[in-house]
Amino acid sequence: MEKQALLQEFQERFGRREDECRVFFTPGRVNLIGEYTDFNGGHVFPASLSVGTWAVVRPRQDGIYHFQSTNFDLTVQTEVKSIVYKKEDDWANYPKGVLVELLKLAGEEAARYTGADILFHGNIPNGAGLSSSASIEVLTGMALSKLARFPIDNIELAKLAQRAENKFVGVNCGIMDQFAVAMGKANHAIMLKCDTLDYQYVPVELDGYTIVITNTNKRRGLADSKYNERRAECESGLAILQQSMPGIETLGDISYENWQKYKDTIKDEVVQRRVDHVISENTRVLNATDALKKYDIALFGKLMKQSHESLRELFEVTGQELDVLYEEACKVEGCIGTRMTGAGFGGCNVSVVKNEAVASFKEEVAQHYEDRTGLVPEFYLCDIGDGAKEL
Ligand code: GLA
C-alpha cells in the first residue's frame, strides 16, 4: 500500500485532524545461517527484507492508545496506566508489550507518552518465520518514542523490543530478529555476535544466483513452547560445561575443539545433541561469512545444507514439511544451498539458486512438496531492503 493510500485509510478510520500524522516502516528478516545461536551468545547472519510493516501514528492527549491494522479486524484500546496482556488482543499484545517497556525506560519522563492512534499495515506473510512480530515491535518502539520526543537509537530499540517479547508475550527469544529488522541495510546481511552486539555489514553479492524463500504454509502450532524448551536444554548444557570450563559465559564462547574435549561431561544424550548443534552452527556462521566475502558461493551453499541437517538431526526443530522442502530443493539442479530459516516447526526455507534454474526450482519443488505433504508452498524472491526508518 502506498504511503498516501495508508494515510487516507488512517484518516477514514480515526478522523481528520490538524495534527500531523507520521509514517514509519520496519522490514521482516530472513536468516541466511546461524539458527538457535543467538540466545547462546553466538553468531547469526540475517538480512532485512523489502517486505515489512508500516505504521501511521498521530498523538492523543488523553493517555489512550488505539491500535488497528488493515490486515486484521480488531481494534484494541489500552490506557497508558493499565496495560495488561490479553489473549484476545492477539497481535496487539506486541505493541502493548513495547509500550510497557517504553514507559519503564522513560522513567520520570513517562508522562511524555500521552496516547496515540496507530494504524498498522503489513505485507510479511503471517506466521511464516520471517519476523512479522519483531517487525511490529520495533516499529511501535520507533514510532511511539519519536512521538514522545524520547529518542532511542536502533540498537536500544531492538533490545527493548526483545524485552517486550520475553516479558509481555512470554517467548524467550534471542536478539536476532529485533536486531535484524532494526539495523538492516539494503543489499547486505548482518554478521552479528549476539552477546556483545558487535556487528558487521557484509554485501550479499551473489552474481548469477538468487535467494529464494519458500514458505511451507504449515501452521506453526506449539512452536513457542518447543522454543522455550530448546532454550532450557541449552542452558542446562551450559551449566554442566561451566564446571569444566569456569571462564565460559555462553555456548558461543566454546570452540569446536574444546567442545570435543568436554562433550562427554554432558551425560544427557538429548542435551548433548542440542549443544553439539549450537557449537557447530556457530562455527558454520563464521565460515559462511568468510565464504561470502570471498564469493565462494559453493562453500556458502554447502554450509547451509550442513546447517539444515544439524537442525534436523541434533536440534530437532525442522519437522516433516521443512524436511521435505529441503530434500526436494537439494534435488534441483542449480540449487546450491538450502536450509530452514528462523525457529523452524514450519515457517520458511531459504535457498540459493542459479538464476536460470529459479523457474524449474519453483516448479519441481512445488509439485513434489504438494504430492508429499498435501500443502501448497509459496515462493518469494528475496530482496534485501533497509532496516527500521521514518518515511
Ligand atoms: C526465532 C527467534 C530468534 C532465534 C531464531 C532461531 O526467530 O525469535 O531469536 O532464536 O528463532 O535461530
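Laboratory data are not the source of any read-out in this text; all were calculated from the coordinates shown. Keep in mind that what you see is a predicted model, and the values were worked out from it rather than measured. For neighbour counting, all protein chains shown are included, and Cβ atoms are generated from backbone atoms with ideal geometry for every residue, glycine included.
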Hey, got the Cα dimensions of the range 230-317 along the principal axes, in Å, largest first?
-> 41, 27, 20
Expressed as a rounded percentage, what relative contact order does the range 247-391 have, with Cα pairs under 8 Å and six or more residues apart?
-> 15 percent
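So, by mean Cβ neighbours within 10 angstrom, what's the order for 238-245, 26-33, 124-131 with the highest one leading? Spell out each step's value before the answer.
Numbers: 238-245: 15.1, 26-33: 29.9, 124-131: 22.8.
The peptides rank, most packed first, as 26-33, 124-131, 238-245.
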Nearest 10, in degrees from 0 to 90: the angle of helix 223-244 to the longest Cα principal axis of the chain is 60 degrees
The chain: longest segment with zero exposed chymotrypsin sites (Phe, Trp or Tyr not before Pro), where exposed means DSSP loop plus at most 16 other C-beta atoms within 10 Å, is residues 86-294
Sites excluded, GluC sites (Glu not before Pro) in DSSP loops with at most 15 other C-beta within 10 Å, longest stretch of the chain | 21-204
The range 1-77: Rg/Rh from Cα coordinates, Kirkwood Rh?
-> 1.13
Three-way shape call for the range 176-255 based on the alpha-carbon gyration tensor, with the a/c threshold at 1.5 = oblate
Here Rg/Rh (Cα, Kirkwood) for the range 293-391 equals 0.99
Using the alpha-carbon atoms, what tilt in degrees (0 to 90, nearest 10) does helix 269-293 show relative to the longest principal axis of the chain?
-> 80 degrees
Rounded to the nearest 10 degrees, what's the angle between the helix 358-373 long axis and the longest principal axis of the chain, both from Cα atoms, 0 to 90?
-> 90 degrees
Determine the relative contact order of the chain: mean sequence separation of Cα pairs under 8 Å and six or more apart, normalised by residue count, in whole percent.
-> 24 percent
On each of the three principal axes of the Cα atoms of the range 134-196, give max minus min coordinate, whole Å, ordered largest first.
-> 32, 29, 20
Cα Rg, Dmax (largest Cα-Cα span) when computed across the chain, Å = 21.3, 68
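Run through the range 69-103 and list the trypsin sites (Lys or Arg not before Pro) located in a DSSP loop whose Cβ has at most 10 other Cβ atoms within 10 Å.
Working: sites: LYS81, LYS86, LYS87, LYS96; in loops: LYS81, LYS86.
Here the trypsin sites (Lys or Arg not before Pro) that fit, given the DSSP loop and packing criteria, are LYS81.
Let me know the shape class of the range 82-241, please: from the alpha-carbon gyration tensor, a ≥ b ≥ c as square roots of the eigenvalues, rounded when a/c is under 1.5, otherwise prolate if a/b is greater than b/c, or oblate.
Values: a/c = 1.43, a/b = 1.27, b/c = 1.13.
Since a/c stays below 1.5, the shape of the range 82-241 is classed as rounded.
Any idea what the relative contact order of the range 42-200 is, in percent, if you count C-alpha pairs under 8 Å spaced at least 6 apart?
Normalised by residue count, the contact order of the range 42-200 is 34 percent.
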Cα centroid of the range 334-391 to Cα centroid of the range 271-320, whole Å | 18 Å
Rounded to two decimals, what is Rg over Rh for the range 232-278 when you use alpha-carbon atoms and the Kirkwood radius?
-> 0.89
Could you line up LYS293, LYS362 from fewest to most neighbouring Cβ atoms inside 10 Å?
-> LYS293, LYS362
The chain: antiparallel bridges as % of DSSP beta bridges, rounded to 5, reads 90 percent
